[in-house]
Amino acid sequence: MLHLPQQWFARIQHGGIANQFFMALMVTIPVLNFGMLMGWQSPMTPILQSEDGPAPEPITDETISWMASVTFFPPIFCGFLVGDLADRWGRKTTTMLTSLMLVISWSITLFSLRPWALIASRAVAGLACAGCYVVTPLYLKEVASDNIRGALGSLFILSQNLGYLVVYIAGDFFSFAAVMWLCTAIPVLHLFVFLAMPETPVFLVKQGKLKEARAALAWLRHTTVDDKNLEEEIQVMEREEEYARTMKKASWKSIVQDKTTFKAFRIAVNVMLSQETCGYLVVLMYAGSIFEQASESISLKLSPNKQTIVVGVIQLLGSIVASCIVEKTGRKWLLAVTSFATGLSMLALGGWFYITSKSIWLPAWLPVVAMCLCIFSDAAGYQPVPYVITSELFSFQHRGMVTSFVSSVDALSDFLQTKAYDPLLKLLGIHWVFILFSLVCFIGTLYTVLYVPETKDRTVEEIYAILDGRQKEKRKDVETGNEMSRL
């Protein structure tokens with residue numbers, strides 16, 4: 001029994017798993033803080049709208065609405081810029097800039113709680129949002145070994161959901177000022193600590209800094225710079241970079257004209273759009289109402305803050321499950337199963353609200369169970385897996401471009417959803433809104449089963465061979481006529 005801790009420690013050190021997970025945790029701290037920023041509005045809105053609250057004047061519903069939606073406006077236009085910065089300045093520098101934007105955002109709110117300041121703070125946070133959603137998946141992909149690539153990739157959503165839960169709990173137990181200082185301190189500390197973290201080996205090779213690339217990769221793999229396997233991995237990166245230099249600069253033309261690359265691009269956009277338009281945001285917005293209606297007939301009387309904590313716990317549990325099983329189940333079937341489960345729960349919610357609107361009695365625990373299943377399923381696969389798939393579908397020549405584009409499309413979708421939610425609710429009724437979202441989930445499930453390839457433990461080269469229906473691992477580039485190696 002005494003040897004068990006030693007065996008466990010040796011296992012996580014083998015291949016640098018412990019170092020890679022530590023690196024992934026450091027990379028995702030801005031995402032955690034962004035989750036705190038997004039979740040902060042839930043427990044703090046009643047305080048900001050109170051007559052005796054910390055704001056100079058009670059904050060109106062219109063201001064709260066703009067605070068919720070304006071965060072997603074800058075990423076619509078800045079996604080491409082962040083992707084370009086990540087390719088020019090490096091993943092590390094861009095991640096630190098993301099933390100700096102978060103520091104500025106929180107500092108504005110510390111300085112003033114007037115409506116203009118609250119909205120401006122959220123607009124600056126939108127720049128951090130672009131950084132989180134573009135550079136973090138790239139960083140995680142480029143530091144991870146193939147055997148834990150999916151687990152590290154799923155930490156992206158896990159960190160965001162942990163941020164939600166942390167601020168929900170902090171909002172329930174601490175004062176308004178204490179929560180503000182806690183939220184500000186995290187990105188400030190991250191800025192200083194992250195200075196000691198390495199750049200990704202892929203980017204260092206791209207910059208011709210081979211010595212630094214070997215050192216970074218040796219630390220990530222917990223080995224020496226003279227290790228034979230390490231040298232082979234560096235040589236693969238060098239060959240990829242040498243080939244990239246012989247090509248014309250990666251462009252949208254090269255993506256569109258290459259049939260297989262364009263097919264991968266369509267898959268990435270479709271799985272991300274399905275994820276973003278599945279109605280998850282609406283479920284979170286309507287969680288309080290569902291708890292309230294359930295409390296009328298069952299013993300479930302929770303304060304609004306306690307309700308958000310329950311939601312946060314379910315989100316976090318789902319994210320933990322995703323990190324634990326994504327390498328065992330594979331990406332495709334985890335995405336298909338969780339999107340189908342999310343669709344079923346949406347359909348159950350829509351059905352419950354429609355039937356009860358006709359004055360027909362149904363048990364009040366049903367929407368609570370459906371809501372919990374929806375939140376859990378979404379966090380356990382429907383949210384994190386598309387990010388993993390998107391990062392695995394492209395070589396690094398196109399990865400930054402595509403991730404930036406997808407991030408901008410996602411931000412536009414979130415912005416439109418948060419602004420259109422109330423008008424849509426009044427026009428159709430909550431039951432039809434949920435039923436429409438369930439259809440989106442089912443269409444996403446069908447698309448995943450029919451068109452999305454399994455990317456687990458496969459190189460980009462092998463994935464593209466599956467996409468174009470051939471087993472050859474080399475193809476001709478449409479612009480140069482040269483054979484391509486997609487590692």
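The values are calculated or read from the model by the stated rules, or taken from the named source; none is laboratory data. The structure displayed is predicted, hence computed values, not measured ones. Using ideal geometry, Cβ is built from the backbone for each residue, glycine included, and neighbour counts are taken over all protein chains shown. The protein model used for the area step is the full one, side chains on, heavy atoms only, and it has no ligands, DNA or RNA in it. Shrake-Rupley method; radii C 1.70, N 1.55, O 1.52, S 1.80 Å.
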Per residue, the convex hull enclosing the alpha carbons of the stretch 68-201 has a volume in Å³ of 118 Å³
In this structure, among K228/K328; K211/K332; K306/K456, pairs with alpha-carbon gaps over 30 Å are K211/K332; K306/K456
What list of ³J(HN,Hα) values in whole Hz, one per residue of the stretch 72-77 in order, does the Karplus curve 6.51 cos²θ - 1.76 cosθ + 1.60 (θ = phi - 60°) give from phi, with Gly and Pro shown as x?
8, 7, x, x, 4, 9
Set the Förster radius R0 to 60 Å, insert the Cβ-Cβ distance between Q207 and S357 as r into 1/(1 + (r/R0)^6), and round the FRET efficiency to 0.05.
0.50
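Largest first, what is the accessible-area ranking of D414, D52 with a 1.4 Å probe?
On the way: D414 20, D52 135 Å².
From most accessible down to least: D52, D414.
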From Cα pairs below 8 angstrom and at least 6 apart in sequence, can you work out the relative contact order of the chain, rounded to a whole percent?
22 percent
Work out from phi, with θ = phi - 60° and the Karplus expression 6.51 cos²θ - 1.76 cosθ + 1.60, the ³J(HN,Hα) of each residue of the stretch 106-121, listed in order in whole Hz, and give x for Gly and Pro.
5, 5, 4, 5, 5, 6, 8, 10, 6, x, 4, 5, 5, 6, 4, 4
Shape of the stretch 199-279, Cα gyration tensor, a/c cut at 1.5:
oblate
At 7 Å along Cα-to-Cβ for each site, give me the label-to-label distance between E461 and C324 in nm.
3.6 nm
For E62, solvent-accessible area (1.4 Å; no DNA, RNA or ligand), Å²
110 Å²
Which value, in nm² and rounded to one decimal, describes the direction-averaged projected area of the C-alpha convex hull of the chain?
25.0 nm²
Checking the cross-link filter: which aspartates and glutamates have an alpha carbon closer than 16 Å to that of K253, excluding same-chain neighbours under 8 positions apart?
D477, E479
Divide by every residue of the chain the summed helix terms, -39500 (n - 2.57) for each DSSP H run of at least 4, and state the resulting mean residue ellipticity at 222 nm, rounded to the nearest 500 deg cm²/dmol.
-25500 deg cm²/dmol
Cα-based shape type of the stretch 144-273, given that a ≥ b ≥ c are square roots of the gyration tensor eigenvalues and the cut on a/c is 1.5
oblate
Sequence of S339, S50 when ordered by accessible area, the most exposed leading, probe 1.4 angstrom
S50, S339
Order of exposure, largest accessible area first, which applies to H431, H398 with probe 1.4 Å:
H431, H398
Solvent-accessible surface (1.4 angstrom probe) belonging to L25, in square angstrom, nearest 10:
90 Å²
Under 17 Å from K209, Cα to Cα: aspartates and glutamates that are on another chain or at least 8 residues apart:
D87, E142, E199, D226, E231, E232, E233, E238, E240, E241, E242
Accessible surface of the chain [probe 1.4 Å, protein heavy atoms]: carbon and sulfur percent:
66 percent
Quote the accessible area belonging to T223 in square angstrom, nearest 10, computed with a 1.4 Å probe and with ligands, DNA and RNA left uncounted.
50 Å²
Which whole-Hz ³J(HN,Hα) couplings does the stretch 148-156 yield from phi under the Karplus relation 6.51 cos²θ - 1.76 cosθ + 1.60, θ = phi - 60°, glycine and proline marked x?
10, 4, x, 5, 5, x, 6, 5, 4
Taking Cα pairs closer than 8 Å and at least 6 residues apart, the relative contact order of the stretch 92-230 in percent is 27 percent
Probe 1.4 Å, heavy atoms of protein chains only: per residue, the accessible area of the chain in Å² is 43 Å²
